[in-house]
Amino acid sequence: MAPVILLAIESSCDETSASIIQDGEILSNIIYTQTIHEKYGGVVPESASRLHIRHILPVVHEAFLQSGIAKEQLSAIAYTQSPGLIGSLLVGASFAKGMAQALDIPLIAVNHMQAHVLSNLIESPRPNFPFLCLTVSGGHTQIVQCNAPLDMHILGESIDDAAGEAFDKAAKMLGLPYPGGPLVDKHAKNGNPLAYKFAEPLVADLNYSFSGLKTSILYFLQKEKAKDETFIEKNLSDLCASIQYTIIKILLKKLMLASKQTGIKDICIAGGVSANSGLRDAIQSHAARYRWNYFIPKFEYCTDNAAMIAITAYYKYLQGEFSEIAVGASARSTF
Ligand code: KG4
Ligand code: ZN
């Protein structure tokens, strides 16, 4: 049988990425991260779209070079269809559609959130089905039950801010540049996680909320800064450690409940925040305590990347789930 070779494109936010996959094995995964947004304290949608236009061709070119695959060998082209910034999504979607038409091969539309979950299937060891996945990114926080590669449903999600957003907004209050998540992680390593106590939400079922925490941090900092202008500077490590500790505590509480309710002990994490060292340690220690089999994707598959789009597209290809050219990109999730 001829090999299944796919090109996958990811452009939902501020990473332009392309990946080539052959029979389920990733041959290349090129990621260009837009750094221009740092100085604005968040992603500027119009700049993001323009930078995708500028970088998509060299990124795709490099993905072909590294894989040793020629475009004539492709079986289909996959792209992130939703959710994300609409202008950014449109760049990847238009590129994929144009190339698929020119090569006369099928298109595969992929949901970014499903792809984050399936990033756990890129490399072994892989989780057994059904597994639970805590997807924590800058835009979403979800607990997903995955019964088979293309059979998954959301058990709970954030009703307001995402966990990554909570990290980034807290970092901004501390005067750290965007994206602040990795910097909070770095400073937290030298701090005391129990130095300060912040509000924890009371949300029903398996849902999350992070807006109360954000307000609690804001009021606390305002109060302390009124007493001492240099409060943040002097206590940065303890602040980062305490904020990180609280976010992780909130995340783990509902994940534990989900495992208890479903009886599922194969537990995965995915999304940009799964790069957080405190969250990784917490998952590991919970796994030892509650006998979970836990799975954390390699770092390059945690933050936005096209390899996760490629693995999802591979399963869609096997099931014949192709997409019409008329299917439009969508900012809101269709999952
Ligand atoms: O999945 P992702 O790359 O993009 C979205 O789809 O949103 O996630 C980006 C988010 C940002 O909020 C970033 O601050 C956060 O992941 N992040 C981290 C760490 N690395 C990335 N948050 C905490 N600790 C980290 N080490
Ligand atoms: Zn993402």
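The values are calculated or read from the model by the stated rules, or taken from the named source; none is laboratory data. Predicted model, so just to flag it, every value in this text is computed and none were measured. In this analysis, Cβ positions are derived from the backbone assuming ideal geometry, glycine residues included, and neighbour counts consider all displayed protein chains. Quick note on the areas: whole protein, heavy atoms, side chains included, nothing else; ligands and nucleic acids left out. Shrake-Rupley method; radii C 1.70, N 1.55, O 1.52, S 1.80 Å.
A few remarks follow.
- Counting only DSSP H runs of at least 4 residues, each contributing -39500 (n - 2.57), and dividing by the residue count of the chain, the helix-based mean residue ellipticity at 222 nm comes to -14000 deg cm²/dmol.
- Projected over every direction and averaged, the convex hull enclosing the alpha-carbon atoms of segment 127-296 yields 9.3 nm².
- Over 38 Å [Cα-Cα, the chain], rounded percent: 16
- The chain - accessible surface per residue (Å², probe 1.4 Å): 44
- Table column - 3J(HN,Hα) (Hz), segment 72-82, Karplus curve with 6.51, -1.76, 1.60, x for Gly and Pro: 5, 7, 5, 8, 6, 10, 10, 8, 6, 9, 6
- In segment 243-301, one over the average inverse separation of all distinct C-alpha pairs is 11.7 Å, which is the Kirkwood hydrodynamic radius.
- Across Lys223/Lys249; Lys189/Lys223; Lys189/Lys260; Lys197/Lys225, pairs whose alpha-carbon gap is larger than 20 Å: Lys223/Lys249; Lys189/Lys223; Lys189/Lys260
- For the pair Ala148 and Lys227, a Förster radius of 45 Å applied to the C-beta separation gives a FRET efficiency near 0.20, rounded to the nearest 0.05.
- Using R0 = 25 Å, the C-beta based FRET efficiency linking Leu202 and Lys260 works out to 0.85.
- Debye, to nearest 20: dipole size of segment 177-335, +1 on Lys, Arg Cβ, -1 on Asp, Glu Cβ: 520
- When the Cα positions of Ser277, Ile296, Leu252 are compared along the charge dipole of segment 181-335, Leu252 comes out farthest toward the positive end, with charges on each C-beta of Lys, Arg, Asp and Glu.
- Stretching Ser94 away from His61 to a fully extended chain increases their span by 10.2 nm, per 0.36 nm per residue minus the current alpha-carbon distance.
- Averaging the sequence gap over all C-alpha pairs within less than 8 Å and six or more residues apart, then dividing by the number of residues, gives segment 261-322 a relative contact order of 38 percent.
- Peptides ranked, highest mean first, by Cβ atoms within 10 Å: ranges 302-308, 93-99: 302-308, 93-99
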